[in-house]
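K.L.:
Before I ask anything, here is the structure I am working with.
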Amino acid sequence: NYGAKSGNGHIAVLLSTDELSGAAEDTDRLYRFQVNGRPDLNKMHTAIDMGSNNLNNVGAVNAQTGNFSGNVNGVNGTFSGQVKGNSGNFDVNVTAGGDIRSNNGWLITRNSKGWLNETHGGGFYMSDGSWVRSVNNKGIYTGGQVKGGTVRADGRLYTGEYLQLERTAVAGASCSPNGLVGRDNTGA
């Protein structure tokens, strides 16, 4: 008595895993339970068509590739290779251990944000439609050239060498507005 009942005229058969281990024609079956000494009985030899049904309560999925026609949802993800896509949206932060590169696009920010160096507390941002501003009023340093249509200093203007005036003024001619500094063609 194994706790199973059959009606009159039915045959009941019990095949234990020990009996199946010795059977010769059991290699075409997939078993829901482990068969001692026969790991091949728990291996698929063809694709499974789930008929749009779910796989639920899976401990781990180990695979070579995955193709999804819908969303992939999860809590965390770790990738040892590349993650590729047409676009990506992140609700909070993106942290990179290396460089962030754009091959043919822009670094685009919104809402008075821009680029910030967290270590030194400097960077650039825009808070209106006219000015690019330095974060925390940091200075801008370059061994190259700073060029613009006009340069305005709200404080003093210093130079570590000479001030080179490229255009000349004619003595006695008008200069507007008053307060301009100029030179004549002899440098005076």
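K.L.:
Could you check ASP154 against (1) under 30 Å from LEU180 (Cβ atoms); (2) surrounded by 10 or more Cβ atoms within 10 Å (Cβ to Cβ) and say which number it fails?
P.N.:
Unmet condition: (2).
K.L.:
Any residue at all in the stretch 130-148 that's surrounded by 10 or more Cβ atoms within 10 Å (Cβ to Cβ) and either small (Gly, Ala, Ser) or touching a residue at least 60 places away in the same chain (Cβ under 8 Å) (or both)?
P.N.:
Yes, the stretch 130-148 has at least one match.
K.L.:
ASN62 versus (1) modelled with pLDDT under 85; (2) over 16 Å from the mean Cα position of the chain (by Cα): which is the lone unmet condition?
P.N.:
(1)
K.L.:
Name the one entry in ASN117, ASN89, ASN42 that is of a type in the set (S, T, N, Q) and modelled with pLDDT of 85 or more.
P.N.:
Matching residue, one of ASN117, ASN89, ASN42: ASN117.
K.L.:
Give ASN104, ASN185 a once-over and let me know the one that is without any contact (Cβ under 8 Å) to a residue 60 or more places away in the chain, exposed (fewer than 10 other Cβ atoms within 10 Å of the Cβ) and more than 30 Å from GLY81 (Cα to Cα).
P.N.:
Of the residues listed, the single one that is without any contact (Cβ under 8 Å) to a residue 60 or more places away in the chain, exposed (fewer than 10 other Cβ atoms within 10 Å of the Cβ) and more than 30 Å from GLY81 (Cα to Cα) is ASN185.
K.L.:
Which members of the stretch 110-122 meet the condition of being over 16 Å from THR95 (Cα atoms) and in a loop (DSSP other than H, G, I, E, B)?
P.N.:
Matches in the stretch 110-122: ARG110, ASN111, SER112, LYS113, HIS120, GLY121.
K.L.:
Tell me yes or no: at least one residue of the stretch 150-158 is among the acidic types (Asp, Glu), closer than 24 Å to ALA188 by Cβ and assigned to a loop (DSSP other than H, G, I, E, B).
P.N.:
No, the stretch 150-158 has no match at all.
The values are calculated or read from the model by the stated rules, or taken from the named source; none is laboratory data. Please read these numbers as outputs of a predicted model, since none were measured by experiment. A quick note on method: Cβ atoms are made from the backbone with ideal geometry, for glycine too, and the neighbour counts reach across all protein chains shown.
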